[in-house]
Amino acid sequence: MTAIFPIITIPDPVLRKEAAPVERVDEELARLAGDMLATMYDAPGIGLAAPQIGISRRLIVMDPAKDDAPKTPLVMVNPKLLERSEEMRMHEEGCLSIPDFTAELERPARVRVAFLDLKGEKQEKELTDIWATLVQHEIDHLNGVLFIDYLSRLKRDMVVKKFTKAKRAEAL
Ligand SMILES: [Zn+2]
(Lines give C-alpha, C1' and ligand atoms only; values in the text may rest on other atoms or scores of the structure.)
Protein backbone atom coordinates (compact mmCIF):
# COMPACT_ATOMS: atom_id res chain seq x y z
CA MET A 1 0.00 0.00 0.00
CA THR A 2 1.37 3.34 -0.97
CA ALA A 3 0.34 6.54 0.71
CA ILE A 4 -0.25 9.87 -0.96
CA PHE A 5 0.98 12.73 1.20
CA PRO A 6 -0.39 16.25 1.23
CA ILE A 7 2.17 18.59 -0.36
CA ILE A 8 3.30 21.52 1.73
CA THR A 9 3.23 24.95 0.10
CA ILE A 10 4.94 28.26 0.82
CA PRO A 11 5.29 30.04 3.19
CA ASP A 12 5.59 26.96 5.44
CA PRO A 13 8.94 27.21 7.31
CA VAL A 14 9.82 23.52 6.72
CA LEU A 15 10.55 24.50 3.09
CA ARG A 16 13.23 26.90 4.34
CA LYS A 17 15.05 24.49 6.66
CA GLU A 18 18.25 22.70 5.76
CA ALA A 19 17.32 19.01 5.71
CA ALA A 20 19.30 16.49 7.77
CA PRO A 21 21.27 13.69 6.08
CA VAL A 22 19.64 10.28 5.95
CA GLU A 23 21.58 8.05 8.33
CA ARG A 24 20.16 4.67 7.48
CA VAL A 25 18.99 3.33 4.16
CA ASP A 26 16.50 0.66 5.14
CA GLU A 27 13.09 -0.69 4.27
CA GLU A 28 11.35 2.20 5.95
CA LEU A 29 13.25 4.67 3.77
CA ALA A 30 12.45 2.66 0.63
CA ARG A 31 8.78 2.76 1.59
CA LEU A 32 8.97 6.52 2.09
CA ALA A 33 10.63 6.94 -1.33
CA GLY A 34 7.83 4.83 -2.88
CA ASP A 35 5.20 7.00 -1.21
CA MET A 36 6.98 10.13 -2.41
CA LEU A 37 6.98 8.83 -6.00
CA ALA A 38 3.26 8.02 -5.72
CA THR A 39 2.61 11.50 -4.31
CA MET A 40 4.62 13.08 -7.12
CA TYR A 41 2.85 11.13 -9.89
CA ASP A 42 -0.51 11.87 -8.29
CA ALA A 43 0.11 15.65 -8.08
CA PRO A 44 1.20 15.42 -10.95
CA GLY A 45 4.78 16.58 -10.83
CA ILE A 46 8.21 15.52 -12.07
CA GLY A 47 10.19 15.93 -8.85
CA LEU A 48 9.65 15.91 -5.11
CA ALA A 49 11.92 16.47 -2.12
CA ALA A 50 11.12 15.07 1.34
CA PRO A 51 10.75 18.55 2.95
CA GLN A 52 7.80 19.13 0.60
CA ILE A 53 5.86 16.51 2.55
CA GLY A 54 7.13 17.87 5.85
CA ILE A 55 10.03 15.44 6.31
CA SER A 56 13.25 17.37 6.70
CA ARG A 57 15.59 14.67 5.38
CA ARG A 58 17.87 14.54 2.34
CA LEU A 59 15.80 12.39 0.02
CA ILE A 60 14.55 13.29 -3.47
CA VAL A 61 12.56 11.50 -6.17
CA MET A 62 12.34 12.45 -9.83
CA ASP A 63 10.77 11.36 -13.10
CA PRO A 64 10.54 13.76 -16.02
CA ALA A 65 8.96 11.17 -18.37
CA LYS A 66 5.89 12.42 -20.20
CA ASP A 67 2.48 10.95 -19.30
CA ASP A 68 2.36 8.42 -22.13
CA ALA A 69 6.05 7.41 -21.93
CA PRO A 70 7.33 4.53 -19.76
CA LYS A 71 8.15 5.65 -16.24
CA THR A 72 11.80 6.44 -15.38
CA PRO A 73 11.83 7.05 -11.62
CA LEU A 74 15.09 7.99 -9.95
CA VAL A 75 15.53 8.15 -6.17
CA MET A 76 18.53 9.83 -4.56
CA VAL A 77 19.50 9.63 -0.90
CA ASN A 78 21.87 12.35 0.38
CA PRO A 79 22.50 13.75 -3.12
CA LYS A 80 25.47 16.03 -3.60
CA LEU A 81 26.44 18.14 -6.61
CA LEU A 82 30.04 17.39 -7.52
CA GLU A 83 30.37 19.38 -10.74
CA ARG A 84 28.38 21.88 -12.74
CA SER A 85 29.00 22.84 -16.36
CA GLU A 86 29.66 26.42 -17.33
CA GLU A 87 27.22 25.94 -20.13
CA MET A 88 23.72 26.90 -19.02
CA ARG A 89 20.24 25.86 -20.05
CA MET A 90 16.93 27.66 -19.76
CA HIS A 91 13.85 25.98 -18.48
CA GLU A 92 10.42 27.10 -17.43
CA GLU A 93 10.33 25.82 -13.85
CA GLY A 94 7.44 25.24 -11.54
CA CYS A 95 7.21 23.72 -8.08
CA LEU A 96 4.54 21.64 -6.35
CA SER A 97 5.06 23.83 -3.27
CA ILE A 98 4.31 26.99 -5.28
CA PRO A 99 1.23 25.97 -7.30
CA ASP A 100 0.21 27.82 -10.45
CA PHE A 101 3.41 29.76 -10.82
CA THR A 102 6.21 29.20 -13.32
CA ALA A 103 9.24 31.20 -14.36
CA GLU A 104 12.08 30.82 -16.84
CA LEU A 105 15.31 30.07 -15.09
CA GLU A 106 18.87 29.44 -16.19
CA ARG A 107 20.92 26.70 -14.50
CA PRO A 108 24.03 24.71 -15.44
CA ALA A 109 23.22 22.38 -18.35
CA ARG A 110 25.22 19.41 -17.05
CA VAL A 111 25.90 18.28 -13.51
CA ARG A 112 27.62 15.39 -11.79
CA VAL A 113 25.85 14.11 -8.69
CA ALA A 114 26.90 11.66 -5.98
CA PHE A 115 24.19 9.93 -3.96
CA LEU A 116 23.16 6.69 -2.30
CA ASP A 117 20.62 4.43 -3.95
CA LEU A 118 17.94 2.55 -2.02
CA LYS A 119 20.36 -0.31 -1.40
CA GLY A 120 22.61 2.17 0.38
CA GLU A 121 25.20 1.92 -2.39
CA LYS A 122 27.23 4.89 -3.58
CA GLN A 123 26.38 6.07 -7.07
CA GLU A 124 27.58 8.83 -9.33
CA LYS A 125 25.65 10.12 -12.31
CA GLU A 126 26.12 12.75 -14.96
CA LEU A 127 22.82 14.39 -15.78
CA THR A 128 21.89 16.63 -18.70
CA ASP A 129 18.86 18.42 -20.14
CA ILE A 130 15.71 18.30 -18.04
CA TRP A 131 17.39 15.88 -15.59
CA ALA A 132 20.10 18.45 -14.83
CA THR A 133 17.53 21.17 -14.14
CA LEU A 134 15.41 18.81 -12.09
CA VAL A 135 18.15 17.48 -9.82
CA GLN A 136 19.39 21.01 -9.07
CA HIS A 137 15.85 22.14 -8.24
CA GLU A 138 15.35 19.18 -5.88
CA ILE A 139 18.74 19.46 -4.17
CA ASP A 140 17.96 23.15 -3.60
CA HIS A 141 14.88 22.03 -1.64
CA LEU A 142 17.16 20.11 0.75
CA ASN A 143 19.00 23.35 1.43
CA GLY A 144 15.87 25.41 2.00
CA VAL A 145 16.22 27.09 -1.39
CA LEU A 146 13.25 27.60 -3.73
CA PHE A 147 13.38 28.44 -7.44
CA ILE A 148 11.73 31.80 -6.79
CA ASP A 149 14.92 32.76 -4.91
CA TYR A 150 16.63 33.16 -8.29
CA LEU A 151 14.07 35.71 -9.49
CA SER A 152 14.24 39.43 -8.89
CA ARG A 153 13.33 40.40 -5.36
CA LEU A 154 10.27 42.23 -6.58
CA LYS A 155 8.93 39.20 -8.40
CA ARG A 156 9.70 36.87 -5.50
CA ASP A 157 8.01 39.14 -2.96
CA MET A 158 4.93 39.25 -5.16
CA VAL A 159 4.69 35.45 -5.27
CA VAL A 160 5.27 35.02 -1.53
CA LYS A 161 2.71 37.72 -0.72
CA LYS A 162 0.09 36.03 -2.86
CA PHE A 163 0.57 32.76 -0.98
CA THR A 164 0.66 34.39 2.45
CA LYS A 165 -2.68 36.02 1.68
CA ALA A 166 -4.16 32.77 0.39
CA LYS A 167 -3.10 30.96 3.59
CA ARG A 168 -4.66 33.66 5.74
CA ALA A 169 -7.93 33.44 3.85
CA GLU A 170 -7.95 29.66 4.29
CA ALA A 171 -7.50 30.03 8.04
CA LEU A 172 -10.74 31.97 8.47
ZN1 LIG B 1 10.07 22.34 -6.07
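The values are calculated or read from the model by the stated rules, or taken from the named source; none is laboratory data. Computed from a predicted model, the values in this text were never measured in an experiment. Here the Cβ is made from the backbone with ideal geometry for all residues, glycine too, and neighbour counts use every protein chain on show.
Odds and ends about this structure:
- Qualifying residue in the range 126-144 (condition: at negative phi and more than 17 Å from the chain's Cα centre (by Cα)): yes
- Count of the range 55-84 residues which are in contact (Cβ under 8 Å) with a residue 40 or more places away in the chain, more than 14 Å from the ligand (Cβ to nearest atom) and in a loop (DSSP other than H, G, I, E, B): 2
- Residue that is at pLDDT below 95 and within 15 Å of SER97 (Cα to Cα), where the choices are PRO6, PRO11: PRO11
- Residue, farthest from the ligand (Cβ to nearest atom), within the range 44-54, restricted to residues that are in contact with a strand residue (DSSP E or B) (Cβ under 9 Å, 6 or more places away or on another chain) and farther than 21 Å from GLN123 by Cβ: PRO51
- Single residue of the range 130-172 satisfying the filter (assigned to a loop (DSSP other than H, G, I, E, B) and modelled with pLDDT of 90 or more) that is nearest to GLY94 (Cα to Cα): LEU146
- Here GLU138 passes the criteria (1) among the acidic types (Asp, Glu); (2) surrounded by 12 or more Cβ atoms within 10 Å (Cβ to Cβ); (3) more than 15 Å from the ligand (Cβ to nearest atom); (4) within 23 Å of ALA38 (Cβ to Cβ) except the one numbered (3).
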